[in-house]
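Engineer: First the structure, then my questions, so here it is.
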Amino acid sequence: MRDVDRGIGLSYRAAIRLEPWGPDDLPLLEKCLGDPAMMEHLGGPESAEKIAERQALYERPDSKQFKIVDEESGKSVGWVGYWEREWRGEPVYEIGWSVIPAFQGRGIAGAAAGEAIERARVDGEHRYLYAYPSVNNEPSNAVCRKLGFTLLGLTDYEYPKGNLLRCNDWRLDLFAGGSR
Ligand SMILES: CC(C)(COP(=O)(O)OP(=O)(O)OC[C@H]1O[C@@H](n2cnc3c(N)ncnc32)[C@H](O)[C@@H]1OP(=O)(O)O)[C@@H](O)C(=O)NCCC(=O)NCCS
């Protein structure tokens, strides 16, 4: 673990790297989105059709969706990505993350999200990046807290369509503490 990225509030990093999401990464996406335990706070597992749809989107070179690779074992251990959305009338980024059970609790989500946030900051497209973990998703809320997000309050988030989740509304200012 290294002491880096104080600018975005990250106090350490596990040894991981991000790689572009590739054509061979469907099994990893299935482990992340098709497993009921992994999707406990996200409205339940996604169907094979939905996962295949996502795979096609993630493979696009401009998708901003990444595979998380554990440096020590060389294994693919999860997904992190960000995308544009509108929130309260403003274009913003939203971020999401997922780490397979065998590799959880080692700081991997925090490190991977820190890397992705750095990329979003360098893109320079939007000032604010949001995350909306369910209020009961303790590890995900802990990741937001340790990366320096500000908790704005509670919100109802529709995910998947037709299913309302009670979520925390976390926001990170990508322009704070940088060169802007
Ligand atoms: C959320 C998720 C990505 C976290 O992955 P991870 O690699 O284990 O996360 P990290 O190790 O970086 O950090 C987890 C943090 O949660 C904390 N945590 C774990 N369980 C906790 C609990 N029950 N209460 C409070 N904090 C908890 C850990 O202590 C750690 O914080 P710390 O580093 O300050 O000690 C992983 O649990 C996951 O993939 N879940 C399923 C998918 C999901 O819910 N994605 C998020 C959607 S918003």
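Engineer: Take Ala37, project a point 7 Å from its Cα along the Cβ direction, then tell me which residues of the stretch 61-103 have their backbone nitrogen under 12 Å from it.
Structural biologist: Answer for the stretch 61-103: 100-103.
Engineer: Further question on the same structure: With the chain treated as a Gaussian network of Cα nodes joined by springs under 10 Å, which of Tyr130, Tyr157, Tyr58 yields the largest mean-square fluctuation?
Structural biologist: With Cα springs under 10 Å in the chain, the top fluctuation among Tyr130, Tyr157, Tyr58 is at Tyr157.
Engineer: Working from the alpha-carbon coordinates of the stretch 42-127, get Rg over Rh, Rh being the Kirkwood radius.
Structural biologist: Rg/Rh for the stretch 42-127 comes to 0.98.
Engineer: Measure off 7 Å from each Cα along the Cα-to-Cβ vector at Glu158 and Ala52, then give the distance between these two points in nanometres to one decimal.
Structural biologist: It is 2.6 nm.
Engineer: Just the Kirkwood number for the stretch 17-67, please: inverse of mean 1/r across all distinct Cα pairs, in Å, one decimal.
Structural biologist: Evaluated over the stretch 17-67, this radius sits at 11.2 Å.
Engineer: Tell me, what is the 1.4 Å probe accessible area of Arg121, in Å² to the nearest 10?
Structural biologist: Solvent-accessible area, nearest 10 Å²: 70 Å².
Engineer: Also: What would the Debye equation give as log₁₀ I(q)/I(0) for the chain at q = 0.11, 0.15, 0.18, 0.19 Å⁻¹, counting only Cα atoms as equal point scatterers?
Structural biologist: Each listed q maps to, in turn, -0.44, -0.87, -1.33, -1.50.
Engineer: Using only alpha carbon positions, build the gyration tensor of the stretch 86-180, then give the equivalent ellipsoid semi-axes as the square roots of 5 times its eigenvalues, largest first, whole angstrom.
Structural biologist: Each semi-axis is √(5λ); the values are 21, 19, 11 Å.
Engineer: What spacing in nm lies between the two simple spin-label points modelled at Asn136 and Arg166, each 7 Å away from Cα in the Cβ direction?
Structural biologist: In this crude label model, Asn136 to Arg166 measures out at 1.0 nm.
Engineer: Going down the table (Lys67/Lys161; Lys31/Lys146; Lys31/Lys64; Lys50/Lys161), which pairs top 22 Å between alpha carbons?
Structural biologist: Long pairs (Cα-Cα over 22 Å): Lys67/Lys161; Lys31/Lys146.
Engineer: Just by accessible area at a 1.4 angstrom probe, what is the order of Val122, Val99, Val135 from largest to smallest?
Structural biologist: Val122, Val135, Val99
The values are calculated or read from the model by the stated rules, or taken from the named source; none is laboratory data. Quantities reported herein were computed from a predicted structural model and do not represent experimental measurements. As a convention, Cβ positions derive from the backbone with ideal geometry for all residues, glycine included, and neighbour counts pool all protein chains shown. Accessible surface areas use protein heavy atoms only, side chains included; no ligands, DNA or RNA. Shrake-Rupley method; radii C 1.70, N 1.55, O 1.52, S 1.80 Å.
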